[in-house]
Amino acid sequence: MRALRDLLAVDPPHSGRREYKHLLPSLHGSRAVSWVTTRVRGLREEYPPRQVSSLYFDSASYSCYCQSNAGASERVKVRLRWYGALVADSPFTLEFKHRANHLGWKTQHAFTLPDLRERNLRALGVRLEEGLGADARALMAHLRVPILVTSYHRHYFVTADGGIRVTVDTALRYFDQRLRPALNLTRDALHCDFAVVECKVEPRGEAQAGRLLRALPLRPTRFSKYCHALQSLAGR
């Protein structure tokens, strides 16, 4: 089996983007959205808001968590994503979210699966691995342990010229999947008392991004929903 570090040593594609994140303490729903849109002029809605849920996978030794928490220059997260109601029903998208040299990009693989709540959770990673091409299969072989589900309500915006995408995530919840035989979407949910604002920009738009970020009176911060969830669950 190829080593995980070798699988991560890839050059960013031309579609790689930089991400800037802000946390809005104690802001919920429409208040968080209004806070952003009144400070950043000219934003237009890109898509209707929707619920976003993701099942994150990792290795038994939490390789993805350790890479992200340490700020490793080359790292990846693996998640099975779906939209709409929290109940996990098709269609699904398996995403490998890569990061290298400050740029991020995703590779995506569509799956049609029965209701995840009725599947053996431990066998799911193997089932997904079987449906992938060689490179993605090799990566999934290292990172197929189901760890947790994140779910939140996302609003999508874009600048007038389409150069910067801004998302606002509210009502963030975490569900621990470790040691669960089936998908857990009800027990011991952890609710977060903040909103997350993300600005995504291609490298050539850095100057414009700087002007946009100055309109937000907060410092960008390193933040990972996956890492925050594991740290929060450990502290319960």
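Secondary-structure-derived ellipticity at 222 nm for the chain, considering helices only, amounts to -7500 deg cm²/dmol, per-run term -39500 (n - 2.57) for DSSP H runs with n ≥ 4. Remark: the chain carries a charge dipole of roughly 460 debye about the Cα centre, counting +1 on each Lys and Arg Cβ and -1 on each Asp and Glu Cβ.
Using only side-chain charges placed at the Cβ, +1 for Lys and Arg and -1 for Asp and Glu, the dipole size of segment 31-110 relative to its Cα centre rounds to 340 debye.
Amide H contacts for PHE194 (H built 1.01 Å from N in the peptide plane; partners 5 or more residues away or on another chain; cut-off under 5 Å): SER26, LEU172. The Cα atoms of segment 58-168 give a gyration tensor whose axes a ≥ b ≥ c have a/c of 1.5 or more with a/b no greater than b/c, which makes the shape oblate.
Comparing ASN101, LEU116, PRO91 along the charge dipole axis of segment 82-127, the residue lying farthest to the positive side is ASN101, per the Cβ-charge model.
In order along segment 159-170, the Karplus-derived 3J(HN,Hα) couplings, from 6.51 cos²θ - 1.76 cosθ + 1.60 at θ = phi - 60°, round to 5, 4, 8, x, x, 10, 9, 10, 10, 10, 10, 10 Hz, and Gly and Pro are given as x. For segment 51-104, the fraction of 1.4 Å probe accessible surface lying on carbon and sulfur atoms is 51 percent.
Local charge for HIS22 was computed over the other residues whose Cβ lies under 10 Å away, with Lys and Arg +1 and Asp and Glu -1, and equals +1.
The values are calculated or read from the model by the stated rules, or taken from the named source; none is laboratory data. Here the structure is a predicted model, which is why all the values come from computation and not from measurement. With ideal geometry, Cβ positions are generated from the backbone for all residues, glycine too; neighbour counts draw on all protein chains shown. Areas reflect the complete protein model, heavy atoms only, side chains present, ligands, DNA and RNA absent. Shrake-Rupley method; radii C 1.70, N 1.55, O 1.52, S 1.80 Å.
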